[in-house]
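Written out below as structure tokens is the structure these notes cover.
The values are calculated or read from the model by the stated rules, or taken from the named source; none is laboratory data. Given the structure is predicted, the values throughout are model-derived calculations rather than measurements. Cβ: placed from backbone, ideal geometry, glycine included. Neighbour counts: every protein chain shown. Keep in mind that these areas ignore ligands, DNA and RNA; they rest on the heavy atoms of the full protein, side chains included. Shrake-Rupley method; radii C 1.70, N 1.55, O 1.52, S 1.80 Å.
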Amino acid sequence: MEANGLGPQGFPELKNDTFLRAAWGEETDYTPVWCMRQAGRYLPEFRETRAAQDFFSTCRSPEACCELTLQQPVSCFLQPLRRFPLDAAIIFSDILVVPQALGMEVTMVPGKGPSFPEPLREEQDLERLRDPAVVASELGYVFQAITLTRQRLAGRVPLIGFAGAPWTLMTYMVEGGGSSTMAQAKRWLYQRPQASHQLLRILTDALVPYLVGQVAAGAQALQLFESHAGHLGPQLFNKFALPYIRDVAKRVKARLREAGLAPVPMIIFAKDGHFALEELSQAGYEVVGLDWTVAPKKARECVGKTVTLQGNLDPCALYASEEEIGQLVKQMLDDFGPQRYIANLGHGLYPDMDPEHVGAFVDAVHKHSRLLRQN
């Protein structure tokens, strides 16, 4: 440690690196745990902070993003990292800032979710998109939020950056919002395969400098969300999703080396992508995230011992009693084993979840993982 307590980039020295060591496949004294959407709407302090402004205005405010990640500066509420002994923080942002930076209008409609007033409908609509080379410069507010948050974390735990994977971003841009079938986006895959690949390449070209910029700004790990993997069967996934997932990892790592930046572990989370676990484990990511539909032991058999697994308690299990949560966590930890594993939910926290039950989940992971190692 340097005399002033700062790391090589001028950030406070990291005090708890358990999450990073698990991600790299190193042995840990206990199983690290964090939650997707952990700075989310289940916390009263989140609702207090968010009440005064719309969603994407919040995303564009580095100070607000920092506050929602830590729940620390101006409000008297306890922050997530004080409420719960989490082993990592994830920056407050949204995957749809990338389509916005490409020039598409996106609004967050209360009760409905994201909406694109002018989605991509025809092949020529791709001409409306900005050059992907300018995306990183359009997203400077995310980098500022990461730097500010990393400083205010004071080395307590690592900070995770993230982005949506190309296929998932494409679905929103073509569908115009959420969809239960992704019929319009899949129509593109079947009727406009060349245009689909063109769009996916544009998104990949935008994501690579964006993710590298997050690391340069202070992110210590990166997660790529392929949230809509389950709408593709194996053939479409292997043709339109997997190549770009691989390309993102390969190019980000190469750019980090070229820029003289230290490597960071990368996580791929493909929701409902159980049919592609083996392929994902060979896609260049140190960690493969699992949703709750995947049996841990089968996942380990499928991916082998060369990657770390992350997951995968059913988020709805947090509606159970605290006692039952403890039992479910114990079973999950037994099934995953003590090493090469990061505990998490199989998806994000829901708005109506009791913070006390989130705390019970986190505490149970730490308690049972230490007991598991003792035995």
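Peptides 235-242, 28-35, 11-18: what's the order by average Cβ count within 10 Å, highest mean first?
Order by mean packing, descending: 28-35, 235-242, 11-18.
Lysines within cross-link reach of Lys298: Cα-Cα under 28 Å, excluding same-chain residues under 8 positions apart?
Partners found: Lys239, Lys250, Lys271, Lys330, Lys367.
Go ahead and run the numbers for FRET between Gln151 and Ser57, Cβ-Cβ distance against an R0 of 22 Å, rounding to 0.05.
FRET efficiency, Gln151 to Ser57: 0.45.
Would region 118-236 count as rounded, prolate or oblate if I go by the C-alpha gyration tensor, calling it rounded below 1.5 in a/c and otherwise prolate when a/b exceeds b/c, oblate otherwise?
Since a/c reaches 1.5 and a/b is larger than b/c, the shape of region 118-236 is classed as prolate.
Before rounding to the nearest 500, sum -39500 (n - 2.57) across all DSSP H runs of length at least 4 in the chain and divide by the residue total; then give [θ] at 222 nm in deg cm²/dmol.
-13500 deg cm²/dmol
Relative contact order of region 88-204, please, whole-number percent, based on alpha carbon pairs below 8 angstrom and at least 6 residues apart.
Answer for region 88-204 is 34 percent.
For an R0 of 45 angstrom, estimate the FRET efficiency from the Cβ-Cβ distance between Gln331 and Ala254 and round to the nearest 0.05.
Plugging the Cβ-Cβ distance into 1/(1 + (r/R0)^6) gives 0.65.
How charged is the neighbourhood of Leu236? Take every other residue with its Cβ under 15 Å from the Cβ of Leu236, and add Lys/Arg as +1 and Asp/Glu as -1.
It works out to a net charge of +1.
Taking only protein heavy atoms and a 1.4 Å probe, what accessible area per residue, in Å², does region 197-344 have with all protein chains in place?
38
Under 8 Å for C-alpha pairs, at least 6 residues apart: give me the relative contact order for region 140-208, rounded to a whole percent.
Relative contact order here is 26 percent.
Can you say what percent of the DSSP beta bridges in the chain, counting only those with both residues inside, are antiparallel? Round to 5.
Rounded to the nearest five, the antiparallel share is 15 percent.
Provide the packing ranking of 362-371, 263-272, 189-198, i.e. peptides ordered by the mean count of other C-beta atoms within 10 Å per residue, highest first.
263-272, 362-371, 189-198
Name the shape class, rounded, prolate or oblate, that the alpha-carbon gyration tensor gives for region 179-230, where a ≥ b ≥ c are the square roots of its eigenvalues, rounded holds for a/c under 1.5, and otherwise prolate holds if a/b is larger than b/c and oblate otherwise.
Since a/c reaches 1.5 but b/c is at least a/b, the shape of region 179-230 is classed as oblate.
With a 1.4 Å probe and every protein chain kept in, tell me what percent of the accessible surface of the chain is carbon plus sulfur.
49
Only helices at least 27 Å long along their own axis, judged from Cα atoms, and with Kyte-Doolittle mean hydropathy of -1.0 or greater: name those in the chain from DSSP H.
Going by DSSP H runs, the hits are 193-217, 355-374.
Just the accessible area per residue of region 101-152, please: how many Å² with a 1.4 Å probe?
53
From the list [x] 34, 23, 20; [y] 56, 25, 17; [z] 30, 24, 21, can you say which value of semi-axes √(5λ) of the Cα gyration tensor in Å was derived from the structure given?
[z]
Please report the relative contact order for the chain, taking Cα pairs under 8 Å with a sequence separation of at least 6, and give it as a percent rounded to a whole number.
It comes to 21 percent, rounded to a whole number.
Between rounded, prolate and oblate, where does region 229-375 land on the alpha carbon gyration tensor, with a ≥ b ≥ c its root eigenvalues, rounded for a/c under 1.5, else prolate if a/b exceeds b/c?
prolate
Once the other residues with Cβ under 14 Å from the Cβ of Met170 are scored (Lys, Arg +1; Asp, Glu -1), what is the net sum?
+1
Hey, rough spin-label estimate for Leu236 and Ala183, points 7 angstrom out along Cα→Cβ, what's it come to in nanometres?
Label-label distance for Leu236 and Ala183, simple model: 1.3 nm.
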